[in-house]
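Please read the structure below before turning to the comments.
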Amino acid sequence: MEAKGIKGFKDILPDDIKKWHFLEETAKEVFENAGYSEIRVPIMEFTEIFSRSIGEDTDIVEKEMYTFQDKSGRSITLRPEGTASIVRAYIEHGLHADPQPTRLYYLGPMFRYERPQAGRYRQFYQIGVEALGIDEPLLDAEVIMMLWHLFERLKLNYLELQLNSLGCKNCRPLYIKTLRNYLTDKLPLLCPDCKKRYEVNPLRVLDCKREQCINAVANVPGIFDSLCPSCKKHFDEVKGYLRELSIPFVVNQKIVRGLDYYTKTTFEVISEKLGAQNAVAAGGRYDGLVKDLGGPPTPGIGFAIGVERTISLFKNTPPEQKPLIFLASLGNSGQAFSMKLARQMRDAGIKVELGYGDSLKSQMRKADKSGTGYVLIIGDEEIKKGSAILRNMRTKSQENIPFGSVFETVTKRLRPEAQPEGLSDNI
Ligand code: HAM
């Protein structure tokens, strides 16, 4: 048997996980400070939840879903995105009865059978938010501001926020008509997929990444001329708030998104540092989705961040937050002493790594690699003398500390502000 993972499914190894934790923790803090609560939904739903939400004619539903029959013959799908599941849960648990907006955030794996390439996986992670129950443009601006704030907190530069409006069920058909008229002449130039899209959903042609289609739609009429007065006012107000909040954006009338539930405001955050898969986050309004899934008419807006793409933009590994000490010890009594000390220090919130191996030299090499600031050395000699050696790895200076005050001294050295309790008497 070959120990080999599935194509497009990635392991996240300990060397990388610090970046993941940093992103997850920063996002949680930003979202919770804005009144969002975490929701955890299953990674599978009845297939219909996704096909009805995302749209039967989208690439996701047509080609990319991991769908199978369970043992009772029901069609089940691994979630390709989070919004549909969140809306399902919102309806199922009657969250619309709570004061609105309902503000939710979520994180976890999503599954799409896409062609794997840099920045595109078959299992990938999203961190997303959904705010339901309010249709005011102010909420659009608040949601976008929160996303922008998160990227600022992550110190990511060179990002561009692109904004569009897709209109509503009243005015979008007019644009689709205009678009189809425009594309009629260009039909021979389009790729085979877009020839089909022309019939079923010509908006999708604007999203095609093939050069021949990009060229064919270069001078396509924009959607703004087709927007109804209410959609136009909504979009103008969103832009006005963003300007007031000094959030830079560009309008891109070609953002149509690959999911059918969007109405009015849509947006993407693009990084010029990424290759073809350059969207780090995307979202928009979906004012018809709750009703489409069987709930009361309820507006909603949200976004999802692509975790792998965002992390690929981090230049450095975030610094270790917790103080770390490495205990290098030899012999039964030295190791037993270290073990007891480790437990006491861990209780006090200090990260303690124990050295294993039969020479102090090899343990010191491991300590060096661990990035620790201090090593406490307890060899046979130290046991005899009743004191340990504390080595500062940066200055290379060493001091002897009697066993009775090791815990207190080390804790103070690592966390000067800490008030150690349960001192060394028990060691
Ligand atoms: P989406 O544009 O399909 O929107 O995905 C959001 C983000 O997930 C993308 O911008 C990208 O960063 C990341 N992503 C998507 N597919 C992959 C992939 N195969 N590999 C790696 N990263 C990927 C949604 O999913 C909507 N549910 C967003 C939303 C929430 N709209 C309203 N609320």
message: Helix 229-244 against the longest principal axis of the chain: what's the angle in degrees, Cα atoms only, rounded to the nearest 10?
response: 30 degrees
- prompt: When the Cα atoms of the chain are enclosed in a convex hull and the volume is divided per residue, what value in Å³ results?
  reply: 214 Å³
statement: For P402, the net charge from surrounding residues (Cβ-Cβ under 12 Å; K, R +1; D, E -1) works out to -2
- prompt: Under a 5 Å amide H to amide H cut-off, with H placed in plane at 1.01 Å, what residues pair with K10 once short-range neighbours are removed?
  reply: Q123
message: How many angstrom lie between the Cα centre of segment 257-275 and the Cα centre of segment 145-195?
response: 7 Å
message: For the full complex of protein chains and a 1.4 angstrom probe, list F124, F235, F224 by accessible area with the highest value first.
response: F224, F124, F235
task: Step through the table entries K239/K264; K273/K369; K4/K366; K232/K264; K361/K396, compare each Cα-Cα distance with 20 Å, and write down the pairs that go over it.
output: K273/K369; K4/K366
Relative contact order (%) - segment 55-169, alpha-carbon pairs under 8 angstrom, separation at least six: 20 percent
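Can you give the helix-only mean residue ellipticity at 222 nm for the chain, where every DSSP H stretch with n ≥ 4 adds -39500 (n - 2.57) and the sum goes over all residues, rounded to the nearest 500 deg cm²/dmol?
Counting only the DSSP helices, I get -11000 deg cm²/dmol.
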query: Taking Cα atoms, how many degrees apart are the long axis of helix 331-347 and the longest axis of the chain, rounded to 10 and kept between 0 and 90?
result: 50 degrees
- line: A correct Karplus calculation of ³J(HN,Hα) over segment 362-370, with 6.51 cos²θ - 1.76 cosθ + 1.60, θ = phi - 60°, whole Hz and x for Gly and Pro, returns 5, 5, 5, 5, 5, 4, 4, 5, 6
Student exercise, the chain dipole from Lys, Arg, Asp, Glu Cβ charges, in Debye to nearest 20: 1020 debye
message: Quick one: 3J(HN,Hα) in Hz for segment 140-157, Karplus 6.51/-1.76/1.60 with θ = phi - 60°, rounded, Gly and Pro as x.
response: 4, 5, 5, 5, 5, 4, 5, 5, 5, 4, 4, 5, 5, 4, 7, 6, 8, 10
query: Just how many % of Cα pairs in segment 324-411 lie over 15 Å apart, if you round to the nearest whole percent?
result: 52 percent
message: Under 12 Å between alpha carbons, and skipping anything fewer than 8 positions from K169 in its own chain: which aspartates and glutamates qualify?
response: D260, D287
- request: May I ask what percent, to the nearest 5, of DSSP beta bridges between residues of segment 262-372 are antiparallel?
  value: 75 percent
query: Per residue, how much accessible area does segment 285-427 have with a 1.4 Å probe, in Å²?
result: 53 Å²
query: Under a 5 Å amide H to amide H cut-off, with H placed in plane at 1.01 Å, what residues pair with C171 once short-range neighbours are removed?
result: C228
query: Alpha carbon centre of segment 312-391 versus segment 82-124: separation in Å?
result: 42 Å
field: Note, ³J(HN,Hα) from phi for segment 163-179, Karplus 6.51, -1.76, 1.60, rounded to Hz, x at Gly and Pro
entry: 10, 8, 10, 9, x, 10, 5, 7, 9, 5, x, 5, 5, 4, 5, 4, 5
- request: Heads up, I need the accessible area for K254: 1.4 angstrom probe, whole protein in place, Å², nearest 10.
  value: 70 Å²
statement: Listed residues S85, S387, S75; largest mean-square fluctuation, Gaussian network over the chain with Cα springs below 10 Å, found at S387
- request: Would you mind telling me the antiparallel percentage of the DSSP bridges in segment 324-411, rounded to 5?
  value: 50 percent
- line: When the chain is treated as a Gaussian network with springs between alpha carbons less than 10 Å apart, the largest mean-square fluctuation among I144, I255, I401 is found at I401
- line: In segment 242-276, the GluC sites (Glu not before Pro) that sit in a DSSP loop and have at most 11 other Cβ atoms within 10 Å of their own Cβ are E272
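Counting only C-alpha contacts under 8 Å and six or more residues apart, can you give the relative contact order of the chain as a whole percent?
Relative contact order, the chain: 15 percent.
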Ranked by how many other beta carbons lie within 10 Å on average, peptides 45-57, 152-164 from highest: 45-57, 152-164
query: What residue among N332, N215, N252 has the largest mean-square fluctuation in a Gaussian network model of the chain, using Cα springs under 10 Å?
result: N332
statement: Under 5 Å from the placed amide H of M110, counting only residues 5+ away or on other chains, we find F124, Y125, Q126
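Just for the chain, what percent of DSSP beta bridges are antiparallel, to the closest 5?
Within the chain, antiparallel bridges account for around 80 percent of the total.
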- line: Length-normalised contact order of segment 324-411, Cα under 8 Å, at least 6 apart, in percent, tallies to 30 percent
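The values are calculated or read from the model by the stated rules, or taken from the named source; none is laboratory data. Source: prediction; values computed, not measured. Heads up, the Cβs are rebuilt from the backbone with ideal geometry, glycines too, and the neighbour counts pull from every protein chain shown. These area figures cover heavy atoms from the full protein model, side chains too; ligands, DNA and RNA do not enter into them. Shrake-Rupley method; radii C 1.70, N 1.55, O 1.52, S 1.80 Å.
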